[in-house]
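Here the structure is laid out as structure tokens; the discussion comes afterwards.
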Amino acid sequence: MRMKWFLTMLVPITLTDLGTDQATVSLWFVQPGETVFVGDRIVEILIPGATFDVAAPHSGTLLERLALPGDRVQTGQILGALDPNSDD
């Protein structure tokens, strides 16, 4: 019997520079296990006086949300992870 090993490279969802250090996760549009496509909005970020959507950097399945609603986040912080190799 031959065993097959697959290496899954996860794609991080990171917060881009919004020009402030006062960013807060507002809500997630996608739940873990759901499929997203490049450009789909996946998480909403609040900064003083504005709201921004973070788009999926790659198609795949959302595996985990590392920043939850209400969490303060910084530029470059990983908000979640996508599995680009999902069969969904």
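The values are calculated or read from the model by the stated rules, or taken from the named source; none is laboratory data. The structure presented is a predicted model; accordingly, all values stated were derived computationally and were not measured. Ideal geometry is used to build each Cβ from the backbone, glycine not excepted, and the neighbour counts take in all protein chains shown.
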Would you please name the residue that is surrounded by the fewest Cβ atoms within 10 Å (Cβ to Cβ), looking only at residues in region 14-39 that are among the β-branched types (Val, Ile, Thr) and not in a strand (DSSP E or B)?
Val38
Of all the residues that make up region 59-83, how many are assigned to a loop (DSSP other than H, G, I, E, B) and crowded, with 16+ Cβ neighbours inside 10 Å?
3
Leading residue by the ranking (surrounded by the fewest Cβ atoms within 10 Å (Cβ to Cβ)) among those in region 40-58 that are assigned to a loop (DSSP other than H, G, I, E, B) and more than 11 Å from the chain's Cα centre (by Cα)
Gly49
Contact list please: Cβ distance under 6 Å, first residue in region 63-88 and modelled with pLDDT of 95 or more, second residue of a type in the set (S, T, N, Q), pairs at least six apart or on different chains.
Arg72/Thr24; Ile78/Thr14
